[in-house]
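Structure record follows, encoded as structure tokens.
The values are calculated or read from the model by the stated rules, or taken from the named source; none is laboratory data. Please read all numbers here as calculations on a predicted model, not as lab measurements. Cβ sites come from the backbone with ideal geometry, for glycine too, and all protein chains shown count toward neighbours.
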Amino acid sequence: MKKELKVTSILITLNIIVLIAIISFYTFRLIKYYKLEHGSKSENETVLLTDELIKKQSYVDLTKGLVYDEKNNNYRYKGDVKDNYLLYSGILFRIIGIDNENNIKIISEDNQTLLYTGLESEFDNSIINKWLNKSEEEYSGIFENNLYNSDKLLEYTYLCNDKIDDLTNITCNDYYTNSKITLLSLYDYKEAEGKSSYLNNGKEFALSTVNSENNNYFVNSEGDISIYNKTTASNIRPVLTLSSNTELLKGNGEYDNPYIVEEHEIKTLNDVYVGNIIKYNNQLFKVININDKNIKVASLELLKEDNENVEINFDKNSNEYSKDNNMYKYLNDTYYKTLENQDYIVSSDFYQGKLSLDNLDYTNIYEDKVNTNIGLLTLGDLYINEIDNTFTLFRGIEADNIINVIKDNNFFADIVSSKYNIRVAFYLDRNLNITSGKGTIEDPYILGDKNED
């Protein structure tokens, strides 16, 4: 009898221990996921983005989501991830991972521009590197110059620099670390699980990796790896690295609620981000450049008359955008007269330099310019390839009657008498007030007169 009571007592004790363990486990999970859902940040507490990401790491399936790499002492997102969105400087990014110094590597969700890579060029001395990163070279860093607090938030990016000839043996033994902003490497694409990962956004984009002949790889619209023709322009998805000290302000990483790491009050045009949407003259415009003087915008839709797309030729025989040019006269006379609050627009320089197959550097466009009210987009502008079948301003040197257009997501040379649609661009006074709106297509910023004090 005593023996039976002893056994019963042991079983009861074991059951109590198991019950306590189960309650503790589910209490821990309840607290953890409540904090993830509702935020674990108290009013005065600083939460670092790195810590929040690691906290959300899956302990159930260690092969997807944010995965720890013990060999390299870093984390990276793998597979079709849905909670690694981050909004910074008006641009939606995806988080690639966390390096061994706790810095966070990110890549833009969409292409930011279309550029020539140059002939047989590795990333460190490429045209793309110059466009991405500011330096002492004139006209460098177009992308970085449009980022808020980049000097405070950005670190140098670890870029796998191996030359790859065999796609079944993609390695990362050599690193390039001299740029804050890069492109995605073939190695990083593979490690994220490539075609089946969040990095495959259904759009073509350039990679930093080259083969032994210095030909650049790219990801095609199907998510497969290909090699660029040397004169083909590249779709650019910048990769940058946020400091380990980057604070998470809000967000849970989902598409509709991305992580936010920088924000400020929007009172005037001087405060907006690239990519923000502005309503002016009952039309929608996208901010494509923020410089020291004024804000460059481009129409979000094609120019219309009577609800029909305007389709005209650039000129009869000249690719120079000047007062005698057909396109110039239409935009700066006919179209300009339809605008309300014309004083919001600031007469500015529009660049129309010439390129050749031997020199595809975007900085050549700055060798020729015209100062006027209304212009078109040119090589080097953000979001230049968002709308197809439109004229640009940059020219080729082969003939005076050749102009470049956006066609099939690439630059295409055509004669100036051909007819295409029009996407207008101009500069707005950066001191104009923002009276309402959130800067989105659904709720664009509305402009008001600037303060006179």
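Overview of results
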{"read-out": "The range 211-236: number of residues that are part of a loop (DSSP other than H, G, I, E, B) and buried (at least 21 other Cβ atoms within 10 Å of the Cβ)", "value": "0"}
{"read-out": "Residue check, TYR198 surrounded by fewer than 18 Cβ atoms within 10 Å (Cβ to Cβ) and among the aromatic types (Phe, Trp, Tyr)", "value": "no"}
{"read-out": "In the range 242-269, the residues that are touching a strand residue (DSSP E or B) at 6+ places or on another chain (Cβ under 9 Å), in contact (Cβ under 8 Å) with a residue 60 or more places away in the chain, of a type outside the set (Ser, Thr, Tyr) and more than 15 Å from LEU53 (Cα to Cα)", "value": "GLU262, ILE266, LYS267, LEU269"}
{"read-out": "The range 79-133: number of residues that are part of a helix (DSSP H, G or I) and either in contact with a Pro (Cβ under 7 Å, 6 or more places away or on another chain) or free of Cβ contacts under 8 Å to residues at least 12 places away in the same chain (or both)", "value": "2"}
{"read-out": "Filtered residues of the range 237-262 (kept if in contact with an Asp or Glu (Cβ under 7 Å, 6 or more places away or on another chain), part of a loop (DSSP other than H, G, I, E, B) and buried (at least 21 other Cβ atoms within 10 Å of the Cβ))", "value": "LEU248, GLY253, VAL261"}
{"read-out": "Residue, surrounded by the fewest Cβ atoms within 10 Å (Cβ to Cβ), within the range 308-338, restricted to residues that are of a type in the set (Phe, Trp, Tyr) and assigned to a helix (DSSP H, G or I)", "value": "TYR336"}
{"read-out": "Considering residues of the range 270-301 that are polar (S, T, N, Q) and free of Cβ contacts under 8 Å to residues at least 40 places away in the same chain only, the residue surrounded by the fewest Cβ atoms within 10 Å (Cβ to Cβ)", "value": "ASN282"}
{"read-out": "Test: residue in the range 274-282 that is over 25 Å from LEU86 (Cβ atoms), out of contact with any strand residue (DSSP E or B) (no Cβ under 9 Å at 6 or more places or on another chain) and assigned by TED's automatic domain parsing to the domain that holds LYS407", "value": "yes"}
